[in-house]
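The values are calculated or read from the model by the stated rules, or taken from the named source; none is laboratory data. Here the structure is a predicted model, which is why all the values come from computation and not from measurement. Cβ: placed from backbone, ideal geometry, glycine included. Neighbour counts: every protein chain shown. Each accessible area value is taken on the protein alone, full model and side chains, heavy atoms only, with ligands, DNA and RNA left out. Shrake-Rupley method; radii C 1.70, N 1.55, O 1.52, S 1.80 Å.
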Amino acid sequence: MPAWKSLARVLAPTLLLPLLGAAPAEKAATPAARPSKQYTVEQFLGSTEVMAPVFTSDGRQLLFSSNASGIFNVHSVPVGGGKPTALTRSKTDSLRVVGAFPRDGRFLFERDKGGDEQTHVYVRTPDGKEKDLTPMKKGVAHFLGFSHDDSAFYITTNERDPGAMDVYRHDAKTYARTLLARNDKGFGVAAVAPDESWVALEEAVTTSDGNVWRYDVATKTLKNLTPHTGTASYRVGDIHPVTGELYVITDDGSEFARVVRPAKEAGKWEDVERADWDIVDTSFSRAGAFRVSVINVDAGIEVRLHDVKASTQVPLTQFPAGMISDAVFSRDEKQLAVLLETDRTSINLYVQDLATKKTTRVTDTMSRELDPEDLVDAQVVRFKSFDGMEIPNLLFKPHQATAEHKAPAIVYVHGGPGGETTRGYNNFIQYLVNHGYVVLGINNRGSAGYGKSFRRADDQKHGKDPLRDCVEARKYLASLPYVDGSRVGILGASYGGYMVLAALAFHPDAFDVGVDVFGVSNWLRTLKSMPPEWGAFRQAMFQEIGDPEKQEAMLKEISPLFHTDRIQKPLFVVQGANDPRVLQAESDDIVAAVKKNGVPVEYLLLPDEGHGFRKKKNEAEVDRRILAFLDRYLRPATAAAPRP
């Protein structure tokens, strides 16, 4: 369950060194010079989000998705800079560009309806006409990529079987399609070989154990390419576009994931790239001249660019100070587009000519009304939990918080399970911090990015050990000289929302308020209602959390809905009516049950959202309401007399 997009980025960069152990030392209290002002939510949301860069076929334009209009639409901008042009004008559904046609001005994008995740793939022609290439009455479709010879492209759909994503080959001119791979096992589809003779599939045995399979198109047979003993993750990095060689990411035999490829000895793998942290992705440019790897470095991202022929790493120079979180090549491999941000400045697109190193920023996303000097950088901090395990976190300290002017605090819990609180620009967290809240983004045991032992430490222990990490986080916050330890809340989305409800139910005295954003209240219902297109991954979730058919008693024990009589602290709940992952009933039921306790409960139901916020107007309403709720119950003037 991915985290709430506005609260936690899946990938984000970091360059700060960790501050280990105890709380950072506080200097003698002096009047804070910053922030010079507090900003409204509208001023924060004046910043624009951009994502999914794609070069056009001629390399002269860059396509990307942007929410400048209040909802994500596809835009284009010249690689030499200029004003972006909106190419789509949806007012109801978010659009994500996924591919540009190799020989003309057409492009592909994906859209669903109101966040229901029933995604279809569309084509847009240069004259502005749009066509649904997957007009299913029910089902999910995703773009997979273009064929190596540019004559076709691939789309996966579950129209044949709701639990299996099959691969279809679409003619690039006529859009006529043929079935390329029938995926009866319900595995994840990763890539198609350059000669179309085989398809790479991924099997999730558990959330930390998996295999890569080869589907032979001619014989329609499957072969496990990664048989192994013990627990180890194997997944596809990429297929070399010329040689067809498979590059795999695995943590077999090591604590962190590395890149491997087939060795000369049959059935063996040789190392290609290692790091002291997890390598989470690796991919080739179109002709294989370059390979880009993404490394999860202590709650942030490091991007490495490799010259494949020279077997050397290419420094990413001539970019401004900041952290790169994505890198995309033009078809001719002469230009590189990156997404770059800092903790205090929003993400922007840059294009670099690889021969001249000339670099151009092609978007300007930061709100003109925000002064980055009023915002804050995150600090990486660690504390020892109840059993001595070291827990990493990101700490955001308001400028105005001092030992003489102590601030209320929030423990923010990411989504997942297996997500991560990461570095990068975050409107919502900066909004809370600007208004005087210390925010601690906890990476409790089970979080990604800190090795497979740490990630597996929460398996079948949800509602217990990782939750106790959150309780210990409050103690850590109370040790900071600028935090008022008597005013600490807990906030989270998706799995983080579950942790909020679990904290209030199972540790009712640990936090003073809770904010649950589309969180799970009843694991039995949520696990049984997982979207069918997740296929075999459903079994992996049963291994991670619990099997609803075999472990009903345990799942009831850790589900807050069956223990609502213990919740006595103010609660704010946010839910998207179209959420296919955490159904509306999860929030409806917990709100109704907690209200019976006479506890202050607020409920915001968004009729046009799913598992996340795709419309700025909704994001503004949520952010504003959360801040008002926190102010009502965590500020000294109101905490003594809370309102229902």
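Quick one: which strands (runs of 3 or more DSSP E) sit completely within segment 69-154 and have at least 1 residues that are touching a Ser or Thr at 6+ places or on another chain (Cβ under 7 Å) and among the small types (Gly, Ala, Ser)? Talk me through it step by step, then tell me what you get.
Values: elements: 73-78, 95-100, 107-111, 120-124, 130-132, 141-146.
Here the list reads 73-78, 95-100, 141-146.
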Out of all the residues in segment 149-186, which are in contact (Cβ under 8 Å) with a residue 40 or more places away in the chain, within 29 Å of the chain's Cα centre (by Cα) and open to solvent by 20 Å² or more (accessible area, probe 1.4 Å)? PRO162, GLY163, MET165, LYS185
Selection from segment 44-58 of residues that are buried (at least 20 other Cβ atoms within 10 Å of the Cβ), in a strand (DSSP E or B) and out of contact with any Gly (no Cβ under 7 Å at 6 or more places or on another chain): VAL50, ALA52, PRO53, PHE55
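Which one is most open to solvent (accessible area, probe 1.4 Å) among residues in segment 285-337 that are among the hydrophobic types (A, V, I, L, M, F, W, C) and over 23 Å from ARG274 (Cβ atoms)? Before you say what the answer is, go through the steps one by one.
First, the residues of segment 285-337 that are among the hydrophobic types (A, V, I, L, M, F, W, C): 287, 289-290, 292, 294-295, 297, 299, 301, 303, 305, 308, 310, 314, 316, 319, 321, 323-324, 327-329, 336-337.
Narrowing further to those that are over 23 Å from ARG274 (Cβ atoms): 287, 319, 321, 328-329, 336-337.
Numbers: ALA287: 53, PHE319: 33, ALA321: 94, VAL328: 36, PHE329: 31, LEU336: 1, ALA337: 0 Å².
The qualifying residue most open to solvent (accessible area, probe 1.4 Å) is ALA321.
Residue-wise test of (1) closer than 28 Å to ILE239 by Cα; (2) over 24 Å from the mean Cα position of the chain (by Cα).
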{"residue": "LEU305", "(1), (2)": "yes, no"}
{"residue": "THR317", "(1), (2)": "yes, yes"}
{"residue": "PHE329", "(1), (2)": "yes, no"}
{"residue": "LEU339", "(1), (2)": "yes, no"}
{"residue": "LEU349", "(1), (2)": "yes, no"}
{"residue": "LYS358", "(1), (2)": "no, yes"}
{"residue": "THR363", "(1), (2)": "no, no"}
Could you say which residue among LEU95, LEU108 is closer than 20 Å to PRO580 by Cβ and of a type in the set (A, V, I, L, M)? LEU95
What number of residues within segment 510-556 are under 21 Å from ARG456 (Cα atoms), open to solvent by less than 10 Å² (accessible area, probe 1.4 Å) and in a loop (DSSP other than H, G, I, E, B)? 4
Looking only at segment 408-428, and only at residues there that are open to solvent by less than 10 Å² (accessible area, probe 1.4 Å) and among the β-branched types (Val, Ile, Thr), the one that is nearest to ILE347 (Cα to Cα): THR421
If we scan segment 197-208, do we find a residue that is closer than 28 Å to VAL280 by Cβ, modelled with pLDDT under 95 and surrounded by fewer than 19 Cβ atoms within 10 Å (Cβ to Cβ)? yes
Return a yes/no flag: does segment 343-353 have any residue that is surrounded by 14 or more Cβ atoms within 10 Å (Cβ to Cβ), at pLDDT 95 or above, hydroxyl-bearing (Ser, Thr, Tyr) and closer than 22 Å to ARG291 by Cα. yes
Checked segment 591-612 for anything closer than 13 Å to VAL517 by Cα and either among the charged types (D, E, K, R) or in a loop (DSSP other than H, G, I, E, B) (or both); matches are GLU602, GLU609, HIS611
Name the pairs whose Cβ atoms lie under 9 Å apart, with the first residue in segment 112-135 and farther than 17 Å from VAL98 by Cβ, the second exposed (fewer than 14 other Cβ atoms within 10 Å of the Cβ), and 6 or more positions between them or separate chains? LYS113/THR92; GLY114/THR92; GLY114/PRO607
How many residues are exposed (fewer than 15 other Cβ atoms within 10 Å of the Cβ) and under 29 Å from the mean Cα position of the chain (by Cα) when one looks only at segment 228-244? 1
Of (1) outside any loop (DSSP other than H, G, I, E, B); (2) touching a Gly at 6+ places or on another chain (Cβ under 7 Å), ASP579 satisfies all except one. Which? (1)
Tally time: how many residues in segment 467-509 are touching a helix residue (DSSP H, G or I) at 6+ places or on another chain (Cβ under 6 Å), in a helix (DSSP H, G or I) and more than 20 Å from LYS384 (Cα to Cα)? 3
With the requirement that a residue be of a type in the set (A, V, I, L, M) and either open to solvent by 10 Å² or more (accessible area, probe 1.4 Å) or under 15 Å from the mean Cα position of the chain (by Cα) (or both), what does segment 430-456 give you? ALA448
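State whether the residues of segment 409-422 include one that is in contact (Cβ under 8 Å) with a residue 12 or more places away in the chain, within 19 Å of PHE629 (Cα to Cα), among the aromatic types (Phe, Trp, Tyr) and in contact with a Gly (Cβ under 9 Å, 6 or more places away or on another chain). Give the derivation first.
Our first condition is that a residue be in contact (Cβ under 8 Å) with a residue 12 or more places away in the chain; within segment 409-422, this holds for 409-422.
Next, from what is left, pick out any that are within 19 Å of PHE629 (Cα to Cα): 409-413.
Next, from what is left, pick out any that are among the aromatic types (Phe, Trp, Tyr): 412.
So of that shortlist, the ones also in contact with a Gly (Cβ under 9 Å, 6 or more places away or on another chain) come out as 412.
Yes: one or more hits.
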Got at least one residue in segment 595-605 being under 14 Å from VAL520 (Cβ atoms), free of Cβ contacts under 8 Å to residues at least 24 places away in the same chain and open to solvent by 10 Å² or more (accessible area, probe 1.4 Å)? no
